[in-house]
Each structure stands twice: as C-alpha cells, then as structure tokens.
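Asks: One structure, as structure tokens, below. Some questions next.
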Amino acid sequence: MKKLISMFAAGVIAATACSCAKTNVLQTSAVPVGWLAKQSVIIDAGHGGADGGGVSVNGIPEKGINLSIAETTADLLRLMGYNVTMTRTEDISIHDKDAEGLKEQKLSDMKNRLELFNTPDSVCVSVHQNRFTDPKYSGAQMFYHRPNTEGQKLAEALKARITGYLQPDNERETKPTDDELYLLCNCENPAVMAECGFISNPEEAALLEQKPYQHEMAFALFAGINDFCISSGRISEKNTKNK
Ligand SMILES: [Zn+2]
C-alpha cells in the first residue's frame, strides 16, 4: 500500500507539474471518477527476459522501461479500484516451461500474453518504446487493430492524455494495424499498443530512461484508460461499477 500511495503521489505531482502547460489538467481531469470500479484491465510490459526489445541510443533495452511504466500504470489503476493483471512483473519471458529454444519460447510467451489479453470484459494496453534509424523522430504513438473500433477509442483516449500532459506538440495519428501485431489482431477486447516514445531520439531516450518521466507517462496512460472506461460506459460516473 505504501508503494501504491507513493506511486499515486508521483502521478499527482506529474499532473500538477504539467498544469503549467497549455491545459490545466487538474481542472480537466476526470481521474477520481473511476474510484472503486472493478473493471478488469490487463497491462502488458512488452518483451522481457532474453527478448530485450529495442535498444536506446544509450544502450538501454526497452524491456526495463516498459516494465517500469507498466508497473506504475498498474499501481495507479489499482489505487482507483481497477482489477489489474500484468503480463509480467519481472524481467522474464512468460513462456511455458516445456518450450525449448528461443523461437519456441517467444511463441509460447506471446500465446500466454494473448491468453491474458483475452480475459473476458477487459481493457488491454501493451507498453512499448519505439525506435527508428533516423534519430530525429520523437513522440508517443498509439496502435490498434483496424477492425477493433473500441481499441481505436482507447487509443484516442490514451493519445489525448499523453498530448495533454506531456507532449502538446505531438501530432502523430493513432494508427490502425492489420495482421502484423499478434497481440492486437488476436485480442477480442479493446486493445492498444502504446509506443511511449522513440528511444532512438537522444532527448526522448534520456527522458524515458528516468523514473520521473516514466511516472508521468504512466499517469497519462492511467488517466487515458480511466477516460475510456468512463466514456464507454464500463464504469459509472457515480463511482460504482456499472454492471
Ligand atoms: Zn517493443
């Protein structure tokens, strides 16, 4: 609980710190409304174990940044009463014990993540970091599976909070994907891959590698998920579960 409170405090501090930006987030925030909502949320920290994901310009693998942001997002959601499951809470692959060899372990790992993403009536977010050969690109971008219209709404909600809190100049469109992202295209729930920023961009990598910015990003993801759960009617505006 102590951890939860300190994490929440970090988020509130993040929101307060951002209130000097273009919008006053404390006035526009609907954050407290989700209190005691028992809505299920699945948070995936991308990669883990032998699969480090992308590597930043400073040599930091994506997997640890993903886990840090995912854990704080999960803590904030739990504090507000959400029923949160994380795909991993350590630097591991979650493959079955009998999976042998990296390829088979990766397939098993993704299958197990998908199984969690298909928990009935859940809202799903997979946390990743982006990279590109040209270091000039920066900014978060949300991806959803094209036919998943609820996923699109979730992506827009996340984008709105990230641009509102952290990246007012980010004009990246939320992007539909076809069948290239296994988790998204096989998920039966609203699902988004949240690429929080470019670790190939020196300035953004420096931010994403630091706890304070990770906490701010987590707060934006948490608030976006909460917004989506309210606007889609998954939780009621009267602070109780809407089912
Ligand atoms: Zn990744």
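Asks: Is there a residue being within 20 Å of Met110 (Cα to Cα) and among the acidic types (Asp, Glu) anywhere in segment 181-202? Break it down into steps so the answer makes sense when it comes.
Replies: So in segment 181-202, the residues within 20 Å of Met110 (Cα to Cα) come out as 181-195.
After this cut, where a residue has to be among the acidic types (Asp, Glu) as well, the list is 188, 195.
Among the residues of segment 181-202, at least one is within 20 Å of Met110 (Cα to Cα) and among the acidic types (Asp, Glu), which makes the answer yes.
Asks: So how many residues does segment 70-94 have that are of a type outside the set (Gly, Ala, Ser), touching a Leu at 6+ places or on another chain (Cβ under 7 Å) and farther than 20 Å from Asp109 by Cα?
Replies: Looking only at that region, the number is 4.
Asks: Those residues that are part of a loop (DSSP other than H, G, I, E, B) and either within 20 Å of Ala220 (Cα to Cα) or within 16 Å of the ligand (Cβ to nearest atom) (or both), I need them from segment 90-130; list them, please.
Replies: Selection gives Asp91, Ile92, Ser93, Ile94.
Asks: Additional query: Go through (1) within 16 Å of the ligand (Cβ to nearest atom); (2) touching a Cys at 6+ places or on another chain (Cβ under 7 Å) one by one and return the number of the condition His47 breaks.
Replies: (2)
Asks: Of the residues Glu171, Glu209, Glu204, which single one is over 15 Å from the mean Cα position of the chain (by Cα), farther than 23 Å from Pro120 by Cβ and crowded, with 24+ Cβ neighbours inside 10 Å?
Replies: Of the residues listed, the single one that is over 15 Å from the mean Cα position of the chain (by Cα), farther than 23 Å from Pro120 by Cβ and crowded, with 24+ Cβ neighbours inside 10 Å is Glu204.
Asks: Same structure again: For the subset of segment 51-66 comprising residues that are in contact (Cβ under 8 Å) with a residue 40 or more places away in the chain and more than 20 Å from Leu107 (Cα to Cα), which member is surrounded by the fewest Cβ atoms within 10 Å (Cβ to Cβ)?
Replies: Ranking the qualifying residues of segment 51-66, first place goes to Asn58.
Just so you know, all these numbers are worked out from the coordinates, no wet-lab data involved. Note that the structure is a prediction, hence the values are computed from the model and not measured. Note that each Cβ is placed from the backbone with ideal geometry, even for glycine, and that neighbours are counted across all protein chains shown.
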